[in-house]
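The values are calculated or read from the model by the stated rules, or taken from the named source; none is laboratory data. None of these values were measured; they are calculated from a predicted model. Every residue, glycine as well, gets a Cβ built from its backbone with ideal geometry; the counts of neighbours run over all protein chains shown. These area figures cover heavy atoms from the full protein model, side chains too; ligands, DNA and RNA do not enter into them. Shrake-Rupley method; radii C 1.70, N 1.55, O 1.52, S 1.80 Å.
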Amino acid sequence: MDSLLTSAADFIARNAMWAGVILGAVTFFESLVVIGAFVPATGLLVAAGGLVAAGVLDPFTVIGGCVIGAVMGDAISYWIGRRLGTRVLRHHLLVPHRRKLAWTRLYCRRYGVASIFIGRFFGPLRAFVPVMVGVLQMRQRVFQFANVSSAFVWVLAMLAPGYLAAKGLAKLEMMSEAHNPTLWLLAFGAVVLALVLAMRWLKGRAARRNALLEASVRGLGE
């Protein structure tokens, strides 16, 4: 997987003028029902953030392409769920995912519009939330507002780690070249602190995810 992401990032860097289209296609497929569970968009967006910081990619093209792709993917999944209703849940492609669908249904009923925002960042359910809120007949205007706004938040959040890491490394390099030990140590400490906080955030996110899944399983058993 790492080699695939590296090759994809290299390809995007060598074809910077098509970066928005390529990344838009990635976020589009990542947002589609079922298919999205197998598309590693997160790692690629983090790498794209680093390329933006390095000046290789244009930030507006990247953000615009990713947001459009994410919005379209979720919109199509929502339309499928709204159009077909509960019949879509019995489709042979979704049969292997019945447990995830059950979790997603409980999750969407419990959190409503917020499920669309949270679902962008919640790996196990991300590919199923839009189709499920469609099945549950969420109003189109409400869904589209949440779809577009959550896409902006998600794209910026995915690009940010790579962008900030690349900027931090550039600062460290500048401090090293300036031969200023104090400034270099301060910059290095800031980067280490940022990494520690990021690890704590990821650990907390994993704990919350496990708690939600356990609550979902208990709810299904009642």
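A few comments on the model shown:
- Virtual spin-label span in nm between ALA114 and MET17, 7 Å along Cα→Cβ: 4.7 nm
- Residue order for MET72, MET138, MET17, MET132 - accessible surface, 1.4 angstrom probe, largest first: MET17, MET72, MET138, MET132
- Gyration tensor (alpha-carbon) shape descriptor, the range 35-75, a/c threshold 1.5: oblate
- For LEU106, the solvent-accessible surface with a 1.4 Å probe is about 50 Å², rounded to the nearest 10.
- With the biggest extent put first, the Cα atoms of the range 1-176 measure 59, 29, 26 Å across the principal axes.
- Surface composition of the range 54-163: carbon plus sulfur atoms contribute 66% of the solvent-accessible area (1.4 Å probe, protein chains only, all chains present).
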